[in-house]
1. Within segment 104-136, how many residues turn out to be hydrophobic (A, V, I, L, M, F, W, C) and without any contact (Cβ under 8 Å) to a residue 40 or more places away in the chain?
2. Restricting attention to segment 30-41, which residues are open to solvent by 80 Å² or more (accessible area, probe 1.4 Å) and of a type in the set (A, V, I, L, M)?
3. So for segment 42-53 (the condition being open to solvent by 80 Å² or more (accessible area, probe 1.4 Å) and either among the polar types (S, T, N, Q) or assigned to a loop (DSSP other than H, G, I, E, B) (or both)), does at least one residue qualify?
4. Residues of segment 106-138 being surrounded by 13 or more Cβ atoms within 10 Å (Cβ to Cβ) and outside any strand (DSSP E or B), which ones?
5. If I ask for residues that are open to solvent by less than 80 Å² (accessible area, probe 1.4 Å) and either in a loop (DSSP other than H, G, I, E, B) or within 23 Å of residue 147 (Cβ to Cβ) (or both), which ones from segment 18-29 would you list?
6. Could you list, in sequence order, all residues of segment 139-155 that are open to solvent by 60 Å² or more (accessible area, probe 1.4 Å) and under 17 Å from residue 50 (Cβ atoms)?
7. Hey, residue 61 hits all of (1) at pLDDT below 95; (2) of a type outside the set (S, T, N, Q); (3) assigned to a loop (DSSP other than H, G, I, E, B); (4) touching a helix residue (DSSP H, G or I) at 6+ places or on another chain (Cβ under 9 Å) but one; which does it fall short on?
8. Name, by its number, the condition in (1) over 14 Å from residue 157 (Cβ atoms); (2) open to solvent by 40 Å² or more (accessible area, probe 1.4 Å); (3) at pLDDT 95 or above that does not hold for residue 11.
Amino acid sequence: LLSACASGPTIVANTSPGIDLTTFETYNFFQPLGTDRTGGVRTPLSSRLVSSMNRAMISRGLSLSDTPDLLIDFAVSAEDRIDVRTTPTHTVHRSHWNRGFSTWPTYNTTVRQYTEGTLIIDLIDPAENRLVAEGAAQRRINNTNFTQQELDEIVSKIMAEVMPR
């Protein structure tokens, strides 16, 4: 859920200790996905994420299966944030009672409101019913309408950390 900024997202990845992700050969998607609506209704975002993830997994040699070694789930969030910064500045003041000058501190406060978006990809071992790896991308966003290309880039960056080729 991360686009429309000049800088790239912050990517984090975690893998369960002792897990070798190269041993997995097949995958499929958790039902319903965390990005689906109540009742499992597939959203356009879910469809785009599935397409992006299919490309990422196939490029790593995994194949889609009805009896997968690995299940994939997504979660997204967008939070409004406020950044308040106060910086000291100094002004020179001339006193009428005193012929000298003095410096008095003043402060400049800047308030910025922004939205921070997060996409989380979970990799689940269905045989053991446990989360084996997760990756996340987070950054400021300007909108929540994401193109397939934007999601492809973000998923690719996350998977490069979670499951390098």
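The values are calculated or read from the model by the stated rules, or taken from the named source; none is laboratory data. As the structure is a prediction and not an experimental result, all values here were calculated from the model. Cβ: placed from backbone, ideal geometry, glycine included. Neighbour counts: every protein chain shown. The area values use the complete protein model at the heavy-atom level, side chains included, leaving out ligands, DNA and RNA. Shrake-Rupley method; radii C 1.70, N 1.55, O 1.52, S 1.80 Å.
1. Qualifying residue count for the region: 2.
2. 41
3. Yes: segment 42-53 contains one or more residues that are open to solvent by 80 Å² or more (accessible area, probe 1.4 Å) and either among the polar types (S, T, N, Q) or assigned to a loop (DSSP other than H, G, I, E, B) (or both).
4. 126
5. Residues satisfying the conditions are 19, 20, 24, 29.
6. Matches in segment 139-155: 147, 149, 153.
7. The failed condition is (1).
8. That leaves (1) as the condition not met.
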